1. Select, from LYS134, LYS106, the only residue that is open to solvent by 30 Å² or more (accessible area, probe 1.4 Å), away from the ligand (no atom under 15 Å from the Cβ) and either part of a strand (DSSP E or B) or of a type in the set (Lys, Arg) (or both).
2. Residue by residue through segment 244-293, note down the ones that are buried (at least 16 other Cβ atoms within 10 Å of the Cβ) and assigned to a helix (DSSP H, G or I).
3. Can you go through GLY174, GLY204, GLY129 and tell me which one is at pLDDT 90 or above and in a strand (DSSP E or B)?
4. Starting from segment 255-277, take each residue that is without any contact (Cβ under 8 Å) to a residue 40 or more places away in the chain and farther than 22 Å from VAL220 by Cα and list its partners that are open to solvent by less than 50 Å² (accessible area, probe 1.4 Å) and within 15 Å of the ligand (Cβ to nearest atom), counting only C-beta distances under 6 angstrom and pairs at least six apart or across chains.
5. Based on what the data block shows, is SER121 small (Gly, Ala, Ser), open to solvent by 10 Å² or more (accessible area, probe 1.4 Å) and part of a strand (DSSP E or B)?
6. So, in segment 243-255, of the ones that are more than 15 Å from the ligand (Cβ to nearest atom) and modelled with pLDDT of 95 or more, which residue ends up farthest from LYS198 (Cα to Cα)?
Amino acid sequence: MTPDLMEAGARLRAAHDARPPAKATESGDRGASYSRVVQPGEVDVTHGAILYLDDITVSFDGFRALNRLSLSISAGELRCIIGPNGAGKTTMMDVITGKTRPDEGKAYFGSTIDLLRLRESQIAQIGIGRKFQKPTVYEQLTVFENLELALKADRRVRASMFFRLTGEQLDRIGEVLTLIHLKDSAQRTAGNLSHGQKQWLEIGMLLMQDPKLLLLDEPVAGMTDEETERTAELFLSLEGSHSLVVVEHDMKFIGELTQGGRNGKRVTVLHEGSVLSEGTLADVQANDKVVEVYLGR
Ligand SMILES: Nc1ncnc2c1ncn2[C@@H]1O[C@H](COP(=O)(O)OP(=O)(O)OP(=O)(O)O)[C@@H](O)[C@H]1O
């Protein structure tokens with residue numbers, strides 16, 4: 001590994017650990033009484049749900065960004081979340097990933113892991129990966145190096161200094177390169193990729209950490225039609241082996257996601273911090289309240 005790569009890894013880890021929660025009102029006292037040891041990769045989905053939010057409320061200076069939000073995502077499900085600007089979609093992701101602490105409610109990963117007792121870095125380690133809207137790849141590194149770095153992101157700096165890729169890990173990088181359509185670009189500098197390719201690379205970096213649940217915030221914003229279609233194919237290929245929550249405004253993309261893959265895919269419409277409607281895309285599009293919210297009637 002090059003010194004540059006080691007430094008980048010150290011910076012990534014330091015930045016990750018240093019990030020404070022936006023609101024830290026309850027993690028300390030709630031966690032103290034009956035904490036459990038979190039084993040990486042261990043999620044109990046025997047009851048079917050991989051994510052369970054119950055009555056979550058988040059207030060900012062008295063304004064309820066989330067208002068008693070309840071939502072359940074099944075293991076292996078691909079769930080689309082839509083909603084007008086300000087509906088609370090980003091705040092919901094922030095609660096799941098530990099960036100924002102709710103005032104009230106419960107958030108469970110599987111049936112046993114209480115997310116509200118974990119720090120942001122712990123939540124990432126137990127298998128919840130988040131893709132933000134803007135791609136944040138290492139522009140000066142190659143595509144391959146970005147994926148290699150993602151493998152090491154959860155290692156301590158000292159361990160990563162002596163880290164060598166095993167054959168299995170090389171195979172995994174190869175698999176991910178194929179999945180994200182960047183096999184032929186492995187040695188290209190990430191800064192030279194198109195916007196869509198950078199988005200795929202970042203999704204690939206998440207996949208390197210083998211998340212059980214992927215949270216994807218407006219993944220196709222700024223993509224061409226062809227890139228959007230390929231992204232839908234990619235997500236559909238992950239359905240089943242991963243659980244995906246996709247927040248998106250692009251209804252054509254939502255249409256592609258709901259028509260492909262498993263049948264009966266559900267769409268959740270958020271409005272004013274709560275679930276306004278949930279069902280198939282046809283169900284929610286036919287719902288009068290949804291039409292009213294979107295068309296302002
Ligand atoms: N840190 C904050 N302080 C004050 N208000 C906030 C904060 N974060 C979010 N809000 C408000 O909470 C509401 C929900 O915001 P949020 O970003 O979750 O909505 P969204 O559905 O993701 O919107 P968009 O589709 O525009 O990204 C908005 O009215 C927003 O202004």
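The values are calculated or read from the model by the stated rules, or taken from the named source; none is laboratory data. Treat the numbers as computed from the prediction; the structure is a model and nothing was measured. No Cβ is skipped: glycine too gets one built from the backbone with ideal geometry, and neighbour counts run over all protein chains shown. To get the accessible areas, we keep the full protein, side chains included, count just its heavy atoms, and leave off ligands, DNA and RNA. Shrake-Rupley method; radii C 1.70, N 1.55, O 1.52, S 1.80 Å.
1. Values: LYS134 fails: away from the ligand (no atom under 15 Å from the Cβ).
Just one listed residue meets the conditions, LYS106.
2. PHE253, ILE254, GLU256, LEU257, THR258, LEU281, VAL284, GLN285, VAL290, VAL293
3. Numbers: GLY174 fails: in a strand (DSSP E or B); GLY204 fails: in a strand (DSSP E or B).
Result of the check over GLY174, GLY204, GLY129: GLY129.
4. Matching pairs, first to second residue: SER277/VAL269; SER277/VAL290.
5. Working: small (Gly, Ala, Ser): yes; open to solvent by 10 Å² or more (accessible area, probe 1.4 Å): yes; part of a strand (DSSP E or B): no.
It is false that SER121 is small (Gly, Ala, Ser), open to solvent by 10 Å² or more (accessible area, probe 1.4 Å) and part of a strand (DSSP E or B).
6. First pass over segment 243-255, keeping only residues more than 15 Å from the ligand (Cβ to nearest atom): 243-244, 252, 255.
Pick out the ones that are also modelled with pLDDT of 95 or more and you get 243-244.
Numbers: SER243: 22, LEU244: 19 Å.
So, considering only residues that are more than 15 Å from the ligand (Cβ to nearest atom) and modelled with pLDDT of 95 or more, the one farthest from LYS198 (Cα to Cα) is SER243.
Matching residues to (1) under 22 Å from GLN285 (Cα atoms); (2) within 12 Å of the ligand (Cβ to nearest atom); (3) open to solvent by 50 Å² or more (accessible area, probe 1.4 Å):
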| site | (1), (2), (3) |
| --- | --- |
| LEU53 | no, no, no |
| ASP61 | no, yes, yes |
| ALA75 | no, no, no |
| ILE82 | yes, yes, no |
| ASN85 | yes, yes, yes |
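Residue-wise test of (1) within 27 Å of VAL291 (Cα to Cα); (2) under 13 Å from the mean Cα position of the chain (by Cα); (3) among the basic types (Lys, Arg).
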| position | (1), (2), (3) |
| --- | --- |
| ALA65 | yes, no, no |
| ILE82 | yes, no, no |
| LYS89 | yes, yes, yes |
| PRO102 | no, no, no |
| SER111 | no, no, no |
| ILE126 | no, yes, no |
